[in-house]
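The values are calculated or read from the model by the stated rules, or taken from the named source; none is laboratory data. What you are looking at is a predicted structure, and each value in this text was computed from that prediction instead of being measured. Here the Cβ positions follow ideal geometry from the backbone for every residue, glycine too, while neighbour counts run over all protein chains shown. Calculation scope for accessible area: heavy atoms of the full protein, side chains included, ligands and nucleic acids excluded. Shrake-Rupley method; radii C 1.70, N 1.55, O 1.52, S 1.80 Å.
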Amino acid sequence: MIKTLTAFTREVDDIELAVSEILEQLQLEENLLANKVGIIHCSTDFVDSGVFHALCEKLPFPVAGITTLGSAVHDEIGEIILTVMILTSNNVNFAVGITDPITSRNEEVLRAAYEKATANLSGKPALAISYFPLSTAAFGAGGDFVATTLSQISGGVPVFGTMPIDNTHDFHEARILYNGNDYYDRFAFILIQAENIKPRFYLISISDEDIRKERGIVTNANGNLLYSVDNIPILEYLKVKLGLALDEKDPSSVHMIPLLMDFGDGATPVVRAMNKFNEENVAVCSGELVNGVTLLTGKFNKEIVLRTTAQILKKILETEKNANGLLIYSCAARYWTLGLDSTAELEIMKDSLAKSKVPYLTGYSCGELCPVQSPSGEQISRMHNYTFIACAF
């Protein structure tokens, strides 16, 4: 069994006060069991001010996490907030790991870190909570690389997690957090291992009614670059064949057209975000595309975000009445659709989860890692965009 503790602080400038607020809520001497690990979410303010580093010095266990745009924990939500979740147990084992700097699409970097982390575990992990950097996606070592490679290296351990984000225009301050240090180019992870641990996964991006009926085949894609669908240049396909009102020079217009890849395996389609069109009018996406898969397009707006969030939370609450904890990530694209009402999705989470005694931690994401299930029951770890994901344990 896992016991879950949560805490938060909004204090950015007074390091001593921020740390004392967290420790007072956690009551570590009374609550910690034999094995323990921590997860931290915070805006970059808490890293730059020194609060994150000072807190880690006071926590007697390893920690991993991300910078984010907003977070929630036990009835508290905020955009400038530091939130903590502690997992502790007498019969569940935890291990943490971090790679060396990732400079290429090299699976050996991940393998070395994974093998080092699992050396002291007594069996195969049941879950890999995974935090992968944003900067490495530029050379093909982003979320798709992590989901596929870590799954292969581990022999099919489910991969759940996210990419960090910040509030700069190009996310250049987004960081991975690990044991008091912050990184731009390393992948960090937490492994949970016990025979009786069976994590459950939930995800939603857009409902079926928000997916357009037209279907095409990806005919030319290379990594995260999408050139053509049905042998038609992608921009022409979207604007002429589908008749979408798209302004390719306006990022806010481009971001509002989710692309869905249906692999034909019966699993939930994977959603991809278009970041922009380059000078050759090629779609630059936030994740990899696959030649030969069926491509659909969806609609995306504030109403869809809030409706789908409420739908998935209702399902989680009906199913997970006795869970020991919930870890939740929502794509930053969902946050951006909210405009000035920027905490509306977090409010829905708070109000919905207030009905349950299950402790939870949420954060906004720049790319979501969550397994999908095939009709045969196989868990396939994949990267998503525009998606709300949750893991119950």
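Here are a few things to note about the model shown:
- Inter-residue pairs, beta-carbon under 9 Å, first over 17 Å from residue 136 (Cβ atoms) and in the range 166-187, second assigned to a loop (DSSP other than H, G, I, E, B) and open to solvent by 30 Å² or more (accessible area, probe 1.4 Å), 6+ apart: 167/79; 167/173; 179/62
- Note on the range 157-182: among residues that are at pLDDT 95 or above and either part of a helix (DSSP H, G or I) or of a type in the set (Ser, Thr, Tyr) (or both), the one that is nearest to residue 384 (Cα to Cα) is 162.
- The single condition from (1) surrounded by 14 or more Cβ atoms within 10 Å (Cβ to Cβ); (2) without any contact (Cβ under 8 Å) to a residue 12 or more places away in the chain; (3) assigned to a helix (DSSP H, G or I) that residue 303 fails is (1).
- Checked against (1) closer than 23 Å to residue 383 by Cβ; (2) at pLDDT below 95; (3) small (Gly, Ala, Ser), residue 363 meets all criteria but (2).
- Of all residues in the range 359-393 being touching an Asp or Glu at 6+ places or on another chain (Cβ under 6 Å) and not small (Gly, Ala, Ser), the one that is surrounded by the fewest Cβ atoms within 10 Å (Cβ to Cβ): 389
- Residues located in the range 237-281, provided they are assigned to a loop (DSSP other than H, G, I, E, B), touching a Ser or Thr at 6+ places or on another chain (Cβ under 9 Å) and over 19 Å from residue 368 (Cα atoms): 242, 244, 245, 246, 247, 264, 265, 266
- Test: residue 195 is surrounded by fewer than 18 Cβ atoms within 10 Å (Cβ to Cβ), more than 21 Å from the chain's Cα centre (by Cα), farther than 23 Å from residue 277 by Cβ and touching a residue at least 12 places away in the same chain (Cβ under 8 Å): yes
- Selected residue (only one of 286, 253 is out of contact with any strand residue (DSSP E or B) (no Cβ under 9 Å at 6 or more places or on another chain) and among the hydroxyl-bearing types (Ser, Thr, Tyr)): 253
- Scanning the range 116-156 for residues that are part of a loop (DSSP other than H, G, I, E, B) and either in contact with a Cys (Cβ under 7 Å, 6 or more places away or on another chain) or crowded, with 24+ Cβ neighbours inside 10 Å (or both) returns 125, 132, 133, 134, 141, 142.
- Summed over the range 210-231, the residues that are closer than 10 Å to residue 291 by Cα and of a type in the set (D, E, K, R) give a count of 0.
- Answer residue from the range 198-209, given it is surrounded by fewer than 17 Cβ atoms within 10 Å (Cβ to Cβ) and closer than 23 Å to residue 331 by Cβ and is modelled with the highest pLDDT among those: 200
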